[in-house]
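Let me begin by presenting the structure, written as structure tokens, before commenting on it.
Just so it is clear, none of the values below were taken in a lab; they were calculated from the coordinates. Computed from a predicted model, the values in this text were never measured in an experiment. With ideal geometry, Cβ positions are generated from the backbone for all residues, glycine too; neighbour counts draw on all protein chains shown.
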């Protein structure tokens, strides 16, 4: 175990409830990390305002703000390196992470997905769309998955999952709410295990 908290960047695109759960875990001691940067794909993401209120540096990363991919990725990597980021947690981040970032942080980038991967994952499967698909398929259980990130959506090695029953009267909204409660418990726990070296990963 390191003698100081791990330096963590959180990537998000929305209201930031997953980020908030991670932040609370860093504050109550259950996650031995410091969130040193929050990156958003959207300027209006609620998670950015949360980060500002916590005194955390923020950055809006949008490819269209750069003349080409090379400069965009170089700027993102430079910001991560400047903050001495050691781990990256995707928490409701709807863009594909550049392969250069995945390579630079191999084995140290995680994502949480609101279903039991490999089912109901991939491009376009996010938010209520996931839960609509679960219900349409007649599944008896759903849940959440934390996995390492590779160059495809929802595709890397699964670290842990938690299962949630699907009720006969569920709507996408009620199922989403029940899964979200478990996501907020699962993600900090898995990140702590990753930081502690409890998973065999390639560095």
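Order of 155, 147, 184 from fewest to most other C-beta atoms within 10 Å? Please report the intermediate quantities before stating the final value.
Numbers: 155 16, 147 23, 184 19.
Lowest count first: 155, 184, 147.
Rounded to the nearest angstrom and listed largest first, the equivalent-ellipsoid semi-axes of region 1-56 from its Cα gyration tensor are 21, 11, 9.
Once you have the Cα-Cα distance between residue 54 and residue 15, take 0.36 nm times their residue separation minus that, and quote the gain in nm to one decimal.
Values: separation 39, 0.36 × 39 = 14.04 nm, distance 1.45 nm.
Length gained, residue 54 through residue 15: 12.6 nm.
Here r is the Cβ-Cβ distance between residue 123 and residue 177 and R0 is 30 Å; the resulting FRET efficiency, rounded to 0.05, is 0.75. The distance between label points at residue 155 and residue 106 comes to 1.6 nm (points 7 Å beyond Cα on the Cα→Cβ vector).
Over region 77-203, the alpha carbon radius of gyration divided by the compact-protein estimate 2.2 N^0.38 Å works out to 1.09.
The stretch between residue 71 and residue 185, if pulled fully straight at 0.36 nm per residue, gains 37.4 nm over its current Cα-Cα span.
For a Förster distance of 45 Å, can you work out the FRET efficiency between the beta-carbons of residue 64 and residue 3, rounded to the nearest 0.05? Numbers along the way, then the final one.
Values: r = 42 Å, r/R0 = 0.93.
Efficiency, rounded to the nearest 0.05: 0.60.
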